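The values are calculated or read from the model by the stated rules, or taken from the named source; none is laboratory data. Predicted model only: the values in this text are computed from it and were never measured. Quick reminder, even Gly has a Cβ in these numbers, built from the backbone with ideal geometry, and neighbours come from all protein chains shown. What goes into the accessible areas is simple: the full protein's heavy atoms, side chains included, and nothing from ligands, DNA or RNA. Shrake-Rupley method; radii C 1.70, N 1.55, O 1.52, S 1.80 Å.
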Amino acid sequence: MSTREILTLQFGHYANYVGAHFWNLQELSFDYTGIVKTEVNHDILYREGQTANGEVTYTPRLLLADLKGSLKTLPESGGLTSAGEDNDLTWDNIEKIEEPTPPKNEYLTDIDSQGPSVLKKEYNFEQDVKTWTDYLYPRLHERTINIVKEYVHGDDTESMDVYHTGKSLWKQDFGDAFSDNIRRYVEECDSMQGFQVNFDCVDGFSGLALSCIEHLSDEYTKSILAYPIIPSHFPDNNPTTQEERDKSNLKDSIRLVNTLLSIQELSEHATLFVPLCTGDKGWRKPGNPRKFDYINYNPELYYHSSALLASAMDTLSQKYRHKSNIFTMSDICADLTGYGRKMASASLGMPLPLNESQYLIDYLNTTTKPIYSSITPSCKIATDKLFQLITVRGVPESYLKAPLKEAKDQMNIPAYRCNNVKEMFELYFQANNFLSATNVTICEKPLEVKTPYPRFFSNELNKYGFVRSDASQEKVESCAVVAGYHNGNFLSDMIEKLHRETSRIKFSKLHKFNQEGFESAEYSETLDKLAEFKDNYEDDFEL
Amino acid sequence: MAAISLLNPKAELARASQALAVNISAAKGIQDVMRTNLGPKGTMKMLVSGAGDIKITKDGNVLLHEMQIQHPTASLIARASTAQDDATGDGTTSTVLLIGELLKQADIYISEGLHPRILTEGFDIARGKALEILESIKIPIEVKRSDLLDVARTSLKTKVHASLAEVLTEACVDAVLTIRTPDKPADLHMVEIMEMQHKTATETALVKGVVMDHGARHPDMPKRVENAYILTCNISLEYEKTEVNSGFFYKSAEDREKLIAAERDFIDQRVKAIVELKKKLCDGTDKNFVVINQKGIDPLSLDAFAKEGIIGLRRAKRRNMERLALACGGVAMNSVDGLSEECLGYAGLVYEHILGEEKFTFVENCKNPQSVTILIKGPNKHTLAQIKDAVRDGLRAINNAIEDKCVIPGAGAFEIKANTEILKFKDTVKGKARLGIQAYAEALLIIPKTLAINSGYDAQDTIVKLQEESRLSPDPIGLDLSTGEAIKPTDLGIIDNYVVKKQIINSCSVIASNLLLVDEIMRAGMSSLKG
Ligand SMILES: Nc1ncnc2c1ncn2[C@@H]1O[C@H](COP(=O)(O)OP(=O)(O)OP(=O)(O)O)[C@@H](O)[C@H]1O
Ligand SMILES: [Mg+2]
């Protein structure tokens, strides 16, 4: 069967940070030699095309939205075609008004001049990255970047910070142009599987994304997988004066209401949605950073935290991007969303910390901690009554178990009868998750963490991301990762938390919403609908 | 996009202790940026962003959108002029200039101690008079090609080079005349503006039909057919996998095959119904068949069409469904039930044009096209955008004229005439309000003055010349930008929209008055604080 294409949509600044890492992961894993056995069909996310000059291009099938001023050095045209000033419309007096060209950082300068060969070099991304284009490796199709001209990135006086501002933007020229771009991508596809929509659910982009999702569900009969995302940190998170505290408080409330509206509306228009945040709470503040053993990341750096989410997305999507074409997004959605439970949670275990001289069987047998952490805000993933889809990548079959002659004690472990990594993980989840259904997907290839992926790994890891037994020093080049989608009764708890927190907000004090014509009555209606949605997770079900 | 840092609000605030001073300097600032734009000899602005994005424009409204306007007063003025554009599509530069000038004139009197409220009263009286004068110089028109050409040309020549303006003028007028039904303004949505990026060509053409930005997705489909039935529809011809391949519950391969076959059959039936109709109507004749679908058409369905020589287009724009029905006749079908010859439209010619990765499909030679396409070609995005903006303005100028049933002479004629008449009228008014009337009359001259300056003539000399000539002539007198002499604008075909001028007169005095009275309110507030 032909390629089942996916169109990816990104709305908002943090979503674009995640996206930049995600597309870097794709493009840096391309094999131009034809030697490496690839499992992923890149045509699902990418499209082949041609520039006006006839050069062949291969670009992400992607549309993204961000504010004016957020792109810095990347031209709106995506960087593949130069704008070219030549203009044969002669006009007597032309006044040229040029903005100063922002300097390119070392990394961007290097890829401009040398192409991908510079990837071994060390860069100071932690300092250099001021926006997501600062570490973006791919170049984008002309129609990919859609800039909201009405608001300026980083402008605090007039910001696009409420849901309804985004909604009204969609009704103007922006929505017209954006939906036409969607149509043009879809027209090119022979056998599309669906849309993936990643968006910031805390500011005005939430409304923009939801308008778009509603449009998608009206216009196309395709699956819509949405990731509402809460950034790991906000600049106002550490107030020092009372005034700053009040401001931050107000902003927290606005962000929370946007999140509420997003989730409630997603429950109506998305096929499946999975909220993401590297902070454990998400609201009213992102909260403590989720812990990943052997990774030291700074949640205040979007460049860091967004790499974790991108790694999860890349791993989770392996299942429906496989060359065999067996599974599609609609299968995933159908598996997870029984009983109207359109919201699921996600987890990430990175790296999967096997010791380099340890067998998988021993690791799974002895580890006392869960092998993954939740990356869904205010959500503790339960251990029983689950539906879950787990993807494990980069655990070589040779790590499975000791050969018979050397097996010794291993033979006493029931898992020893497992013949491959898949069976062993299946057994592991069977043993650990009571009354649950688990589907495991195994990918041979690990996650490759090439520059500009953050170097936030502990130096106890070896080149392959496994825990070293000696003290030699190696740079991590790849690592084994586990990621999962999980659904079950436990999510009612998260919805309950959201409901409780949003019910406490004195809505009438949030003038910005009132100004946009969103009133108390509608707000309480939204809360009621959320409570109804929660009911889908309440009934006990038996397998 | 390129930011023109207008004013730093904080610095301005520090310097000017009074709100009025702030307002006036803001108005001057924005006026300074825009004044060089006015008229066909104004400067074109090329805005280059830090990353190299280019925007070329001479249009006040486009420029206002691209600028980062931080100052609240400036943004109020900007909003007024954007509103002007939304309402009429033109006159934004004039609006900004006039508001600025009204404030400048007011400043002179206020610094002499006159109360702003008295000035605004004068403004309002003068506004009424200006509207009367506007009525008196109206030139009634018929909806005739020749009458409309002048107004379109005048507008377009202020946006693109004269030679291109000439081509666009004809295209715009013919577009509107083609789709229009008598006694009604045209629905400009039925004029599609289609852009084609092409390295070498800059040309524009009116296509009496529909041009779509996509083409057939099958290599064996004909690239060009004549005498074609057009089926527009919104019917899925794409196999959607409703059967789910669960990770938990496996189905046997056999079961799955069966389900797929059943689903597939559903789609095949639809394709067959269309093919049947084609066979019935076209086989054995020289007629052809084209399917334009708003939904998807998958490769197998495309195959079936291609075998029959049918051109099939998928994912057509929703609005094009309506346009196609208007251009070709026929009705958009939502199902294959009741499919018959009556549902179909007709086009004399359908062909595909490929440019790089872009495909275009032309549906032309329609019998009674009520929807047309203006096709613009240009070497790059920013040129296309510039032409597109100009075409939009041209179309609206034509439609305004049709709606108004009249036009007015341009080239500053109204302003010269109004200045003279309002000054005369002022002498009949008693009290201090006269000063406001005087200020208003003076402010109007900013338009002919700026037109003169932008063409390299001395502002004062020009005004004197025009005023003298105006006194002698019964007809309105304007400025010939190529000679600097007085002329009758109608002789040169320099024609403006009536409604645009009317809106300028109304909104400028209101906004200027608000800005002046804001100051009054502020002062009241401050003195009460002090006391
Ligand atoms: N050939 C001409 N000779 C003299 N004056 C002209 C000529 N063509 C247009 N004008 C005058 O130029 C003015 C319009 O200029 P322009 O279109 O640049 O600005 P605008 O309409 O105020 O704003 P916008 O930028 O929205 O179009 C009108 O006063 C019109 O009468
Ligand atoms: Mg104009």
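General remarks:
- Total residues in segment B:454-488, condition small (Gly, Ala, Ser), within 15 Å of B:LYS417 (Cβ to Cβ) and surrounded by fewer than 18 Cβ atoms within 10 Å (Cβ to Cβ): 1
- Inside segment A:125-175, residues that are part of a strand (DSSP E or B) and of a type outside the set (Phe, Trp, Tyr) make up a count of 8.
- Check on B:VAL363, crowded, with 18+ Cβ neighbours inside 10 Å, away from ligand 2 (no atom under 16 Å from the Cβ) and under 26 Å from B:LEU188 (Cβ atoms): yes
- Unique residue being of a type in the set (A, V, I, L, M) and within 16 Å of ligand 2 (Cβ to nearest atom) when the list is B:ALA87, B:ALA106, B:ALA130: B:ALA87
- Scanning segment A:335-360 for residues that are open to solvent by less than 10 Å² (accessible area, probe 1.4 Å) and either within 14 Å of chain B (Cβ to nearest Cβ) or at positive phi (or both) yields A:LEU336, A:ALA344.
- Exclusive hit being surrounded by 24 or more Cβ atoms within 10 Å (Cβ to Cβ), under 19 Å from B:ILE141 (Cβ atoms) and within 15 Å of ligand 1 (Cβ to nearest atom), set B:LEU451, B:LEU444, B:LEU395: B:LEU395
- Screening A:LEU308 against (1) surrounded by 24 or more Cβ atoms within 10 Å (Cβ to Cβ); (2) more than 22 Å from A:ASN296 (Cβ to Cβ) leaves a single unmet condition, (2).
- Number of residues in segment B:1-39 that are buried (at least 16 other Cβ atoms within 10 Å of the Cβ), modelled with pLDDT of 50 or more and more than 10 Å from chain A (Cβ to nearest Cβ): the value is 17.
- Scanning segment A:319-334 for residues that are away from chain B (no Cβ under 13 Å) and either surrounded by 20 or more Cβ atoms within 10 Å (Cβ to Cβ) or within 23 Å of A:PHE273 (Cβ to Cβ) (or both) gives a single hit, A:ARG321.
- Filtered residue count, segment B:306-330, keeping only those that are of a type in the set (Gly, Ala, Ser) and either under 13 Å from B:THR361 (Cα atoms) or assigned to a loop (DSSP other than H, G, I, E, B) (or both): 5
- B:ARG127 being within 14 Å of chain A (Cβ to nearest Cβ), under 17 Å from B:GLN503 (Cα atoms), open to solvent by 50 Å² or more (accessible area, probe 1.4 Å) and charged (D, E, K, R): no
- Evaluation of A:THR259 against (1) within 20 Å of A:ALA209 (Cα to Cα); (2) away from every other protein chain (no Cβ under 14 Å); (3) modelled with pLDDT under 95 (one fails), failing number: (3)
- Matching residues in segment A:358-393 - criterion: being in contact with a strand residue (DSSP E or B) (Cβ under 8 Å, 6 or more places away or on another chain), modelled with pLDDT of 95 or more and small (Gly, Ala, Ser): A:SER373, A:SER374
- Long-range neighbours under 7 Å by Cβ, at least six apart or interchain, first residue at the interface with chain A (Cβ under 10 Å from one of its Cβ atoms) within segment B:292-306, second part of a helix (DSSP H, G or I): B:GLN294/B:ARG318; B:GLN294/B:MET321
- Filtered residues of segment B:175-206 (kept if assigned to a helix (DSSP H, G or I) and open to solvent by 40 Å² or more (accessible area, probe 1.4 Å)): B:LEU177, B:LEU188, B:HIS189
- Scanning segment A:185-195 for any residue that is more than 11 Å from chain B (Cβ to nearest Cβ) and either open to solvent by 10 Å² or more (accessible area, probe 1.4 Å) or within 24 Å of the chain's Cα centre (by Cα) (or both) turns up at least one such residue.
- Near pairs, Cβ below 8 angstrom, 6+ apart or cross-chain, from segment B:493-510 (over 13 Å from B:ALA130 (Cα atoms)) to any residue that is acidic (Asp, Glu) and open to solvent by 20 Å² or more (accessible area, probe 1.4 Å): B:GLY493/B:ASP150; B:ILE494/B:ASP150; B:ILE495/B:ASP150; B:ASN497/B:ASP90; B:ASN497/B:ASP404; B:VAL499/B:GLU403; B:VAL499/B:ASP404; B:VAL500/B:ASP90
- Residue match in segment B:71-86 (condition: of a type outside the set (S, T, N, Q), open to solvent by less than 20 Å² (accessible area, probe 1.4 Å) and more than 14 Å from chain A (Cβ to nearest Cβ)): yes
- Members of segment B:29-81 that are assigned to a loop (DSSP other than H, G, I, E, B) and within 12 Å of ligand 1 (Cβ to nearest atom): B:THR36, B:ASN37, B:LEU38, B:GLY39, B:PRO40, B:LYS41, B:GLY42, B:THR43, B:LYS58, B:ASP59
- Segment A:37-62, residues that are under 14 Å from A:PRO138 (Cβ atoms) and more than 11 Å from every other protein chain (Cβ to nearest Cβ): A:HIS42, A:LEU45, A:TYR46, A:TYR58, A:PRO60, A:ARG61, A:LEU62
- Against the numbered list (1) assigned by TED's automatic domain parsing to the domain that holds A:VAL449; (2) assigned to a loop (DSSP other than H, G, I, E, B), A:LEU348 comes up short only at (2).
- Flag for A:PRO235 being farther than 23 Å from A:GLU522 by Cβ and touching a Pro at 6+ places or on another chain (Cβ under 8 Å): no
- Sole residue being of a type in the set (Lys, Arg) and more than 16 Å from ligand 2 (Cβ to nearest atom), chosen from B:LYS388, B:LYS377: B:LYS377
- Yes/no for B:CYS343 being surrounded by fewer than 23 Cβ atoms within 10 Å (Cβ to Cβ) and either within 16 Å of ligand 2 (Cβ to nearest atom) or more than 30 Å from B:LEU63 (Cα to Cα) (or both): yes
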